[in-house]
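Here's the structure, in structure tokens; my notes come after.
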Amino acid sequence: MKNTALTTTHEALGAKMVPFAGYNMPVQYDGVNIEHETVRQAVGVFDVSHMGEFLIEGPNALALIQKVSSNDATKLTIGKAQYSYLPNDNGGVVDDLIIYKIKEETYLLVVNASNIEKDWNWITSKNDVGAIMRDLSEDYSLLAIQGPKAIEAMQPLTSHDLSAIKFYNFEVGDFAGIENVIISATGYTGSGGFEIYCKNSEAKQIWDKVVEAGAKPIGLAARDTLRLEMGYCLYGNDIDDTTSPLEAGLGWVTKFTKTFTNSEALQAEKTNGLTNKLVAFTLDERGIPRHGYDIVDADGQKIGVVTSGTMSPSLGIGIGLGYVPKDFAAVDGKIHIQIRKKAIPATVVKLPFYKG
């Protein structure tokens with residue numbers, strides 16, 4: 001089991017630690033609902049240093065990124081980031097990721113912790129253009145400072161105007177007394193804030209100053225409820241090697257203005273029409289949908305499966321995502337979630353669940 005640079009800090013704070021993607025990670029401190037509410041109303045800080053970071057450099061860096069990713073990285077300018085995914089050769093998804101343009105011919109790819117080795121091998125296998133690749137995952141830490149009070153609380157820690165960093169933009173500069181830190185206006189909670197990339201040796205100083213400035217430590221359990229309230233896909237649940245990115249609703253980051261891995265097949269899938277669709281639903285009665293539960297029709301026939309589900313801390317009702325045939329995918333349509341022996345009625349809704 002790997003540790004992050006902050007594992008002993010989490011243990012000292014009394015966090016409940018669990019194995020996650022091969023790392024010893026804090027799942028909660030004071031309780032999921034309390035931590036969730038902190039991020040929605042104030043400011044919290046997550047240690048997400050288990051995420052992977054790859055540096056792609058050189059004259060052919062962009063060519064490689066364009067080849068392996070679905071979005072159009074030519075749109076990136078220095079200081080901008082972009083959400084994308086890596087298609088596989090079989091119509092599925094290797095991983096979803098964020099691509100940062102650090103400088104001309106230098107890009108940072110941030111990938112999911114459980115996929116670091118798989119992604120590295122995949123991109124390497126496609127690198128016939130001689131792009132320079134470096135895996136920085138073991139050397140860098142990542143803190144996500146999230147919540148509506150993030151700017152106000154963190155501004156004293158940097159000379160950069162945090163309010164001027166637009167969504168999916170970033171600055172490289174001073175933060176919490178450390179130089180050359182990436183301050184990125186990104187995050188997976190839907191409540192605003194920043195993600196801070198720094199060296200492992202710098203993580204403790206930054207964490208301490210961020211907490212001192214008013215951010216409460218938040219565990220991975222609240223990170224999951226927060227992202228689900230926004231309808232953000234979680235790799236391994238809502239998307240994986242077998243799921244269609246188009247059926248998952250990732251058409252908005254699938255740019256057919258260029259050729260990329262499996263783009264012809266994906267274009268044909270789009271043209272021919274999708275069979276299934278990832279939908280969001282709320283339960284009409286009390287209950288908690290869970291990953292793997294069957295979705296059934298009014299006659300009790302299985303039509304799909306729940307990919308993510310929880311009791312929404314913000315809304316106080318059961319919410320979830322799941323794949324269903326497109327005939328059942330219309331907003332306000334009715335489906336049922338099989339929870340033990342009972343089929344609980346549910347309504348297909350438009351995302352996000354949480355409107356802020």
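Computed from the coordinates by the stated procedures, all read-outs in this text should not be read as laboratory data. The structure presented is a predicted model; accordingly, all values stated were derived computationally and were not measured. Here the Cβ positions follow ideal geometry from the backbone for every residue, glycine too, while neighbour counts run over all protein chains shown.
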Stretch gain in nm, segment R340-A164, where the contour uses 0.36 nm per residue and the Cα spacing is subtracted:
58.4 nm
V253 paired with S201, simple spin-label distance in nm, labels 7 Å along Cα-to-beta-carbon
3.3
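Taking the Cβ of F256 as the centre, find all other residues whose Cβ is under 15 Å away and add up their charges (Lys, Arg: +1; Asp, Glu: -1).
The answer is +2.
Which trypsin sites (Lys or Arg not before Pro) in region 253-306 pass both tests, a DSSP loop state and at most 12 other beta-carbon atoms within 10 Å? Walk me through the numbers before you get to the answer.
Values: sites: K255, K258, K270, K277, R286, R290, K302; in loops: K255, K258, R286, R290.
Qualifying residues, ordered by number: R286.
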When the scattering of the chain is computed by the Debye formula from its Cα atoms alone, each counted once and equally, what is log10 I(q)/I(0) at q = 0.07, 0.08, 0.10, 0.15 Å⁻¹?
-0.30, -0.40, -0.63, -1.36
When DSSP assigns beta bridges and you keep just the ones with both residues in the chain, what percent turn out antiparallel, to the nearest 5?
95
Straight-line reach from K270: which lysines have Cα under 18 Å away, leaving out those fewer than 8 places along the same chain?
K255, K258, K326
If the cut-off is 15 Å between C-alpha atoms, which aspartates and glutamates fall inside it for K342, apart from same-chain ones fewer than 8 positions away?
D284, E285, D294, D297, D299
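Provide the gained length on full extension for the span E104 to L315, in nm with one decimal, where the gain is 0.36 nm per separating residue minus the Cα-Cα distance. Could you put the intermediate results ahead of the total?
Values: separation 211, 0.36 × 211 = 75.96 nm, distance 4.42 nm.
Gain on stretching E104 to L315: 71.5 nm.
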Work out, step by step, the length gained on full extension between D135 and A330: first 0.36 nm times the residue separation, then minus their alpha carbon distance; give nm to one decimal.
65.9 nm
Using 28 Å as the Cα-Cα cut-off, could you pick out the over-long pairs in K101/K126; K216/K277; K199/K350?
K216/K277; K199/K350
Net charge (Lys, Arg +1; Asp, Glu -1) of residues whose beta-carbon lies under 9 Å from that of Y235, Y235 excluded, is -4
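Given the rule -39500 (n - 2.57) for each run of at least 4 DSSP H residues, summed and divided by the residues of the chain, what is its mean residue ellipticity at 222 nm, to the nearest 500 deg cm²/dmol?
-6000 deg cm²/dmol
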Quick calc: nm separation of the 7 Å Cα→Cβ label points for K118 and N90 -> 1.1
Obtain the radius of gyration and the Kirkwood radius of region 275-349 from its C-alpha atoms and give Rg over Rh.
0.92
Please list, by residue number, every one of the GluC sites (Glu not before Pro) in region 232-326 that is coil in DSSP and has at most 15 other beta-carbon atoms within 10 Å.
E285
K118: which aspartates and glutamates have alpha carbons under 19 Å from its alpha carbon, excluding same-chain residues fewer than 8 sequence positions away?
E53, D89, D95, D96, D128, D135, E138, D139, D238, D240, D241
So, over other residues within a Cβ distance under 10 Å of G91, counting Lys, Arg +1 and Asp, Glu -1, the net charge is -4
Taking the convex hull of Cα positions in region 53-116, its mean projected area over all directions (nm²)
4.1
Go through 157-167, 305-315 and give me the packing order, highest mean Cβ count within 10 Å leading.
305-315, 157-167
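Could you tell me which GluC sites (Glu not before Pro) in region 61-158 are loop residues by DSSP with no more than 12 other beta carbons within 10 angstrom of their beta carbon?
When the GluC sites (Glu not before Pro) of region 61-158 are filtered for loop state and at most 12 Cβ neighbours within 10 Å, E104, E138 remain.
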Test of understanding: extend the Cα→C-beta vector of K75 to 7 Å, then name every residue of region 253-267 with backbone N under 14 Å from that spot.
253-258
Length-normalised contact order of the chain, Cα under 8 Å, at least 6 apart, in percent, tallies to 17
